[in-house]
Amino acid sequence: MTITEKNIIINSALLNREVTCTLLMPDEHEVTEPLSLLLLNDGQELDNLEVKAALEQLYNTNRIKPVLVAALHASDDRLQEYGVAGKPDFKKRGSKADAYTQFIITELLPQIKAETGISDFEVTAYAGSSLGGLSAFDIAWNNSATFDKVGVFSGSFWWRSRDLGKGYSDTDRIMHSVIRDTAGKPELKFWLQTGTKDESTDRNQNGIIDSIDDTIDLIKELENKGYTRPADIQYVEVVNGSHDTTTWAKAMPKFLVWAFGR
């Protein structure tokens, strides 16, 4: 399968900036079945994540269905645009996360559909790493009519409303609280990855790094909602995996097969 790569520029009124989006599109002459869509935060890392190479290898071995990747380049305002919509953290980061969500739904997706001439995708997934993973999770969670699946690489699920030194408790983790407080059960499937060397911090000194603890606790919140493993939740723990694009690139094929596999 031949993959074409092109950049489109979206003039976002909501974000008050130009957004660069890199599209990885399978050759339309080679596509004989419905196309899926993957939105990817931190699209400026596309090469480091080796997404194109992963797609080519998986197409060549007939392991995934055709997918259009739309990789959104982050701006200098990343710490404000990513996060949890309407719920900034204790440092007031994530103040534009609501605007970013609205940009995805009302500006980006219509432009992708106009650009490709495709109005309906078989599977629509959203993925990201670190803070971009938290953002992808939050947007998918709140827009399950639009998204079917979400993938998070070393997600910033520590994102909290209270500082560690100021009476913090685990109930201050923002995304965990959002899941608990959501009425009903969004129609979604989840793929979550951590690395055993994501960090060295261990808040509660239980011998497990916070990145893993926070992700496992998030899975528990999902299970409390009625989601089950492995039907709805896939968890991948990379031994010696770090908080970097090298580790996430190694995990990328697993995510793509999970999301778009045959």
| said: Going through Ser154, Ser144 one at a time, which residue ends up being within 16 Å of the chain's Cα centre (by Cα), among the hydroxyl-bearing types (Ser, Thr, Tyr) and under 25 Å from Asp76 (Cα atoms)? | reply: Ser154
| task | State all residues of segment 125-179 that are closer than 17 Å to Val51 by Cβ and not hydrophobic (A, V, I, L, M, F, W, C); if no residue qualifies, say none. | result | Tyr126, Gly128, Ser129, Ser130, Gly132, Gly133, Lys149, Gly151, Ser154
| request: Would you tally the residues in segment 204-213 being open to solvent by 60 Å² or more (accessible area, probe 1.4 Å) and not polar (S, T, N, Q)? | output: 2
| task | Check segment 188-198 and report whether any residue there is under 19 Å from Met252 (Cβ atoms) and of a type in the set (Asp, Glu). | result | yes
| query | Any residue in segment 228-242 that is open to solvent by less than 40 Å² (accessible area, probe 1.4 Å) and assigned to a loop (DSSP other than H, G, I, E, B)? | reply | yes
| message | Just the residues that are hydroxyl-bearing (Ser, Thr, Tyr) and either under 18 Å from Gly133 (Cβ atoms) or within 17 Å of the chain's Cα centre (by Cα) (or both), please, taken from segment 54-104. | response | Ser75, Tyr82, Tyr100, Thr101
| query | Is it the case that some residue within segment 23-44 is in contact (Cβ under 8 Å) with a residue 24 or more places away in the chain, of a type in the set (Asp, Glu), surrounded by 20 or more Cβ atoms within 10 Å (Cβ to Cβ) and part of a loop (DSSP other than H, G, I, E, B)? | reply | yes
| Does Val178 fit the bill of being outside any strand (DSSP E or B), within 29 Å of Lys91 (Cβ to Cβ) and touching a Lys or Arg at 6+ places or on another chain (Cβ under 9 Å)? | yes
| task | Output the qualifying pairs, or none if there are none: Cβ atoms under 7 angstrom, residues six or more apart or on different chains, first residue in segment 112-126 and farther than 17 Å from Leu188 by Cα, second residue crowded, with 17+ Cβ neighbours inside 10 Å. | result | Ile112/Ala70; Thr116/Leu68; Ile118/Leu35
| note | Scanning segment 200-217 for residues that are under 15 Å from Val239 (Cβ atoms) and in contact with a His (Cβ under 9 Å, 6 or more places away or on another chain) gives Ser211
| task | Report yes if some residue within segment 11-22 is on the phi > 0 side of the Ramachandran plot, open to solvent by less than 50 Å² (accessible area, probe 1.4 Å) and either touching a Gly at 6+ places or on another chain (Cβ under 7 Å) or in a helix (DSSP H, G or I) (or both); otherwise report no. | result | no
| Hits in segment 45-62 - residues which are of a type in the set (D, E, K, R) and in a loop (DSSP other than H, G, I, E, B) | Asp47, Glu50
| For segment 87-148, list the helices (runs of 4 or more DSSP H) that sit wholly inside it and hold at least 1 residues that are open to solvent by 20 Å² or more (accessible area, probe 1.4 Å), modelled with pLDDT of 95 or more and over 23 Å from Thr182 (Cα atoms); which are they? | 109-116
| remark: Taking segment 143-171 and keeping residues touching a Ser or Thr at 6+ places or on another chain (Cβ under 7 Å) and more than 17 Å from Ile212 (Cα to Cα) leaves Thr146, Phe147, Asp148
| When you scan segment 169-196, how many residues do you find that are of a type in the set (Ser, Thr, Tyr) and open to solvent by less than 20 Å² (accessible area, probe 1.4 Å)? | 1
| Taking segment 56-86 as the region of interest, how many residues are among the hydrophobic types (A, V, I, L, M, F, W, C) and either open to solvent by 50 Å² or more (accessible area, probe 1.4 Å) or farther than 20 Å from Ile8 by Cα (or both)? | 5
| request: Name every residue in segment 236-262 that is of a type in the set (Phe, Trp, Tyr) and over 28 Å from Ser200 (Cβ atoms), in order of residue number. | output: Trp258, Phe260
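The values are calculated or read from the model by the stated rules, or taken from the named source; none is laboratory data. Predicted model only: the values in this text are computed from it and were never measured. Note: ideal-geometry Cβ built from the backbone for every residue, glycine included; neighbour counts use all protein chains shown. We work out accessible area using only protein heavy atoms, side chains counted, and drop any ligands, DNA or RNA first. Shrake-Rupley method; radii C 1.70, N 1.55, O 1.52, S 1.80 Å.
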